[in-house]
1. Can you give the log10 of the normalised intensity I(q)/I(0) at q = 0.15, 0.28, 0.29 Å⁻¹, computed with Debye over equal Cα scatterers of region B:660-701?
2. Gain in length, B:ALA41 to B:ARG152, computed as 0.36 nm per residue apart minus the alpha-carbon separation, to one decimal in nm?
3. Work out the mean other chain Cβ neighbour count within 10 Å for the residues of B:592-605 and drop it here as an integer.
4. With +1 assigned to the C-beta of every Lys and Arg and -1 to the C-beta of every Asp and Glu, and no other charges, what is the dipole magnitude of region B:720-875 about the Cα centre in debye, to the nearest 20?
5. Would you mind working out the magnitude of the charge dipole of the protein assembly as shown relative to its Cα centre, with +1 at each Lys and Arg C-beta and -1 at each Asp and Glu C-beta, to the nearest 20 Debye?
6. Can you give the helix-only mean residue ellipticity at 222 nm for chain A, where every DSSP H stretch with n ≥ 4 adds -39500 (n - 2.57) and the sum goes over all residues, rounded to the nearest 500 deg cm²/dmol?
7. Tell me, what ³J(HN,Hα) does each residue in region B:797-803 have, in order and in whole Hz, if you take phi through Karplus 6.51 cos²θ - 1.76 cosθ + 1.60 with θ = phi - 60° and put x for Gly and Pro?
8. Cross-link candidates for A:LYS60: which lysines have Cα within less than 27 Å, leaving aside residues fewer than 8 places away along the same chain?
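Derivation of every value follows stated rules applied to the coordinates shown; laboratory data play no part. Please read these numbers as outputs of a predicted model, since none were measured by experiment. Neighbour counts run over all protein chains shown; Cβ positions are idealised from the backbone, glycine included.
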Amino acid sequence: MELLIALVIGVLAACGVYLALRARTFPVVLGLTFLSYAVNLFLFAMGRLSVGQPPVIAAKASGYADPVPQALVLTAIVIGFAMTAFVIVLALKARAELGNDHVDGKHEP
Amino acid sequence: MSLPSVILMPLFGAALAAVLSQVSRALAAWAAAAATLASLAFLLPLAREPFAGGTVIQRLAWLPSAGLDLAFRLDGLGLLFALLILGIGLLVVLYARYYLSEQDRLGRFYAYLLVFMSAMLGIVLAENLIQLLIFWELTSLSSFLLVGYWYRREEARNGARMALTVTGAGGLALLGGFLLLGQIAGSYELSVILKSGDAVRAHPLYPPMLVLVLLGAFTKSAQFPFHFWLPNAMAAPTPASAYLHSATMVKAGIFLLARLFPTLSGTPEWAWLVGGTGFVTLLLGAFISLFQHDLKGLLAYSTISHLGLIALLFGIGTPLAAVAGVFHIINHATFKASLFMAAGVIDHEAGSRDMRRVNGLWKYMPYTGALAMVASAAMAGVPLLNGFLSKEMFFAEAFGAATQLHLGWWLPAGVTLAGVFAVAYSLRFIHDVFFNGEPVGLSKTPHEPPRWMKVPIEALVVMCLLVGVFPAQTVEPILAAASAAVLQGPLPDHDLAIWHGFSPALWMSAIALLGGALVYMGRRPLFAWHDRYADRLEARRLYDALLGGAFALAGWLTGWLDTGSLQRLLAVVIGSALLLGAAGFVGSGAPLTGGRALLPVDAVSGLAALGLMAAAVGAAALHRQRLIALILTGAVGLVVALAFVKFSAPDLALTQLAVEMVAVVLLLLALYFLPQHTPAETAALPRVGHMALAVAAGGGAAALTWAVLTRPYDSIAGYFLANSIPGGGGANVVNVILVDFRGFDTLGEISVLALAGLGVYAMLERLRLDGPDHDAEGRPWDADVHPAIMAALGRLLLPLALLVSAFVFLRGHNWPGGGFIAGLIAAAALIVQYLANGVAWSRERLPWNLQRLIGLGLSAAALTGLTSLALGYPFLTSAFGHFRWPVVGEFELASAMVFDGGVYLVVVGATLLILVHLGALHRLERLPSRAKSPADTAKAVR
């Protein structure tokens, strides 16, 4: 299972990097979204993987997953959304002001 | 605790003077003087102890857990310097009041000056080396401001920058030296360091540490080859020069030599580095000084020379030489400060400082001339003045060191030669300015300065005379106290008499006086020779070349890395991160796979992971079809939520699910206003390069994850799991961490969320974008933007969704849920209303001000924290209790619920703010109030 998660994170990071390196704003925003998936999963996985052991205190629980990375990632997901919103609106603003959606704000022939 | 007050008083005074200068100039001057006097008033009661040979140490606990205290030390050396700083500071405050003209902002000058005074006091009263360094840097900064006071003049800006560059670089070296010294001695406290001299000197790291510390001291005290900044800093207003460049700032380096004398001195390295540098500086400064045409330039090089003299004395290293060094510190401060002030008076009243034009002033200002003459004679070392006494001791020490160390004749000859030049330039200062014919082309007729402007000069000149004639009665107590502190041991026998008999030192003095007069008389050929060759010898050239080189290198590097292309810059960043990461992997030699037991793979997980990877690769491959790429991205997000479900993170899964929906709606809305397709990229080569970089980055991320996941680890989770119910009153540990244990972090995070929401709102405020009328395939969009079925269904769903949201919120403390998730659900439910019915319709029925909602949420969260503070608990301590209601039964209430409620409101407010205003961009959805704003009308007219 660990290998699978490592592969998933690798693929997400690769797609994120590739998209972030594109020349237009929209793919870059998608790339950042992919990168935040990868980073969130990575941070979450730092608490190691466990199945069927949610960190909710219960009498019959066999064990608990590490709650610390979970708390960290929960806020990261929400802030990641806020940042995506900020960046995409920035892209809209750039398009409105510059008349194109190139990341460098260039008018291309 | 009065030592910290000594340092704080000028700082208060700085603010006070700056404010009061708005009212009147005199008031600002009074405030500055009062602050200085207050500082003195705190200092003087403590002075008894250092005079008795003791040391006052006062501490304030700062970070007790890290063993860090703010520690202050007052011994003889500190007292001497503090008295110089405050005494001369007071005179400078008075002097500056008359020196600066009506156009100059006096408040700003006093503020800088007092900040500098405070920093300088901080250096001399520090017990801890790191604390000393902080004040050290503060003097560099405030001197930068003072030198650049007339910032409209280019020379002031350049001089300020040069002083900051040189002393700042020295400060960096000093930091390294202090860190090494602290490591070697095992403490940063001076009390320990001063006692561990033997251990420090025997340590293998002693030489590099010494070099670094000396670099700091030499740059600050303008020692060769770093001396060039001082003449260029003469662009400062003269009161600042009189203060910084005679008595205080440049003495900070000397202070450091004296302070660390017991620990660092007594080795050949010390003798050669400090003594050698001092010797070269002494000679060079004295020589160049003679050829300066600018009055202040002459004084600046003379200061360099005298600083070299003191450094040479400390380099010689005998106890008597150290006493002579301390003595010369006092004497130089008095006569040089008065000379700077006299030069300022001349500049002020004659309109020029050029000695080729300012001549024959005796007729116009005999009183100032007489004062300057006495001070100048002290500088030259004429008997019956203070300069003579310390110079005599210096000559004796130089002669003694040469005989003892069999150095031959060059050391006594060299210092006598420096003495010759000192006499010559002192003569020039007097003869050129006050005699030597008539003034040449001055813009105004010189006259005596205002009465009070002369008082500071008089005070200092009287001191020169008193110390010169009655040394034992005046200066001896403080000299003894300071020297004892420098030596940290018994004082050597020293005799401050004027007449010591026909010693070698007396002959050296006589030679210097006679030779100086001869050199001055034969100056014309010397000047001619100097004008032809000296320009090539300027150390400033080297600095300019180095600085130019650094700028060129930085410019080239920036130009190479940043061509104005985000893609290129990003590729460089990612590539560098990859290289560094790979270097870490390879360098460590650790195996990639650790020994932790792995979880088995089941078929469903494998399939889901395959689906996720396919969707991700698909999105990357098809990214030019933006809608398809977006849908695939949403699919990936959903599988990520499933992964959270699988690996025991229900809270994360719920959050991811809710965020995913909101985010896809957001991106869809944005996509409407952007091109539907990405144009093909022309060049294939960069694309292949990017692919390679992406594959490498992904491989690195996967390898890193694998390496971590296969290793065992220690976690702090145990604490949270054990204390969640007893300490936070909740069973859902993730939620308890968010709203209780780490509530302060969460408060920061919702603040970020609120700011992002407000930022989006601000950017959208004036935005005008028109989306297309047709979709990508050319079909027109349906004119009916709010289909009735959706509107009806949405209205039905709303109460249900809000109920779910309330339920998720309430259970959050004990089961998966909480403010973040509930907020997102409520936001999603409300957004459906906006989508189905339009912004205007929804706005009418939900007339909340979303910014206020965010503010309300933030305040609720912050107030919960403040309430616990008001009740005497640390910020954000939570309280909870169990209550019983009829029908409902027993239930629990925690103050963390209020905090979580704040989180809820911020999430709802920020999410809605972003989406609603993005939606309102559409021409059919524009809010009526927006169209009516004056800016829009103006735009429409245009």
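1. With no solvent term, the Cα-only Debye profile gives -0.68, -0.82, -0.85.
2. On the way: separation 111, 0.36 × 111 = 39.96 nm, distance 3.79 nm.
Stretched out fully, the B:ALA41 to B:ARG152 stretch lengthens by 36.2 nm.
3. Details: counts 0, 2, 0, 0, 2, 1, 4, 9, 2, 4, 2, 0, 0, 4.
Going residue by residue through B:592-605 and averaging, the value is 2.
4. Values: 9 positive and 11 negative charges, 102 e Å.
I would put it at about 480 debye.
5. Working: 63 positive and 57 negative charges, 312 e Å.
With only Lys, Arg, Asp and Glu charged at Cβ, the dipole is about 1500 debye.
6. Working: 3 runs with 72 residues, N = 109.
Roughly -23500 deg cm²/dmol at 222 nm, from the helical runs in chain A.
7. My calculation for region B:797-803 gives 6, 3, x, 4, 5, 5, 4 Hz in order.
8. Result set, ordered by chain and number: B:LYS646.
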